[in-house]
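Here the structure comes first, spelled out in structure tokens, and everything after it is commentary.
The values are calculated or read from the model by the stated rules, or taken from the named source; none is laboratory data. This structure is a prediction, so every number in the text was calculated from the model and none was measured. Methodologically, a virtual Cβ is constructed for each residue, glycine included, from the backbone with ideal geometry; neighbour enumeration extends over all protein chains shown. Accessible surface areas use protein heavy atoms only, side chains included; no ligands, DNA or RNA. Shrake-Rupley method; radii C 1.70, N 1.55, O 1.52, S 1.80 Å.
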Amino acid sequence: MVTATTDPALGGRWTTLTTQPAAGGRSWLWHRPDPARAAVRPGGAFVDAGGLEECVPTIRGVPDHGDAWSRAWTPLSTTAASVQCPDFTLRREFSQSDGSLVVHYRLDAAPGYRFLWAAHALLDVSPTAVLQAPAGTETRIDGGEIATWPTPLERLGPDDGTAIGAILIDCPTTTVIDGERLTFLLDAPGQPISTALWRNLRGWPTDVPYRSIGVEPMLGRVFDLAEAGPDDAARVPATGTCDWTLTVTAS
């Protein structure tokens, strides 16, 4: 079984993502305690404290890592919460299905509103971990290179002093293999679905580099909403409501 806990007061951040003993038993999220995280205000610079942050309506760009992570969320029940941002409301609810964690999202905004979203999950994985994705997936790498998966980026370590981001285009599912297997599956009918990868092997920041590995199911095909082409961002339909589901499974 896969379970999660969150912190509504600090951006709805996922603080744990845990597999129960039937799947081997593991805490998957990496953390980097930073006292600045508790003092963040909307529009402020991103504070990388680890866990999983909800990045929407952009990942890079303005506001940094989006508008939702820096705002307090309102608990709606023991499993649901929402956040009100200037242009949209985002609601999230957790449930279980056959041992998998199922997360239902709903974004309400004006019809035609364009946005990116990422489950910005920073994972605590070993130097031997690999990322499995469908062979042949187009992979847009920072700097403009376009590759075809698998690439050397599938190896999530060991540390080599590099830091690079990439987006696996039209890729709804990936699996992290590190002893156990952790699989993300994103379902969002009619929307562009990708997976972002942040492979920081003690290459960033340049002054005090550390290791952080992000595997991030996302809506969209770019990191920055300002750079999104006509088909590179999610769009709210005429109903004013956009729904999607993230399923996390361990084996």
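So for each of 168-179, 220-231 I average, over its residues, the number of other beta carbons within 10 Å; can you give me the resulting order with the highest mean first?
Packing proxy ranking, top to bottom: 168-179, 220-231.
Using 0.36 nm times the number of residues separating ARG202 and THR15, minus their current alpha carbon distance, what extension gain do you get?
Result for the pair: 65.1 nm of gain on full extension.
With every protein chain left in place and a probe of 1.4 Å, what is the accessible surface of PHE94, to the nearest 10 Å²?
Around 40 Å² of this residue is reachable by solvent.
In debye to the nearest 20, how big a dipole does the range 84-239 give about its Cα centre with +1 on each Lys and Arg Cβ and -1 on each Asp and Glu Cβ?
Roughly 200 debye, rounded to the nearest 20.
Does the chain come out rounded, prolate or oblate by the C-alpha gyration tensor, with a ≥ b ≥ c the root eigenvalues, rounded set by a/c under 1.5 and, if not, prolate when a/b is larger than b/c and oblate if not?
Here the chain falls in the rounded category.
Classify the range 119-251 as rounded, prolate or oblate, taking a ≥ b ≥ c as the square roots of the eigenvalues of its Cα gyration tensor: rounded when a/c is under 1.5, otherwise prolate if a/b is larger than b/c and oblate if not.
prolate
What number do you get for the range 173-251 when its Cα radius of gyration is normalised by 2.2 N^0.38 Å, N = residues?
1.35
Quick one: what are the phi-derived ³J(HN,Hα) couplings along the range 196-204, Karplus 6.51/-1.76/1.60 with θ = phi - 60°, whole Hz, x for glycine and proline?
These are the phi-based 3J(HN,Hα) values: 8, 10, 10, 10, 9, 9, 6, x, 8 Hz.
Would you work out the relative contact order for the chain, in percent, from Cα pairs under 8 angstrom that are 6 or more residues apart?
Relative contact order of the chain: 20 percent.
Multiply the residue gap between THR241 and ALA135 by 0.36 nm, knock off their C-alpha separation, and tell me the result in nm, one decimal place.
Contour length minus Cα-Cα distance gives 34.9 nm.
Measuring from the lowest to the highest alpha carbon on each principal axis, how far does the range 1-128 reach, largest first, in angstroms?
Extents along the principal axes, in whole Å: 43, 31, 25.
Please compute the net charge surrounding SER100, taking Lys and Arg as +1 and Asp and Glu as -1 over other residues with Cβ under 13 Å from its Cβ.
-1
What relative contact order, as a whole-number percentage, does the range 123-207 give when Cα pairs under 8 Å and 6 or more residues apart are counted?
Worked out over the range 123-207, it gives 33 percent.
Explain nothing, just the number: relative contact order of the range 14-79, from Cα pairs under 8 Å at least 6 residues apart, as a whole percent.
Rounded, it is 25 percent for the range 14-79.
How big is Rg to Rh over the range 69-187, alpha-carbon atoms, Rh as the Kirkwood inverse-mean-distance radius?
Here Rg/Rh amounts to 1.01.
Which of the GluC sites (Glu not before Pro) found in the range 124-177 are loop residues per DSSP with 15 or fewer other Cβ atoms within 10 Å of their Cβ?
GLU145
Taking 2.2 N^0.38 Å as the expected size of a compact globular protein, what ratio does the Cα radius of gyration of the range 157-197 give against it, to two decimals?
Relative to the rule-of-thumb radius for its length, the range 157-197 sits at 1.43.
Take the alpha carbon gyration tensor of the range 54-110, find the square roots of its eigenvalues, order them as a ≥ b ≥ c, and report rounded if a/c is under 1.5; if not, report prolate when a/b exceeds b/c, else oblate.
Because a/c hits 1.5 or more and a/b exceeds b/c, the range 54-110 counts as prolate.
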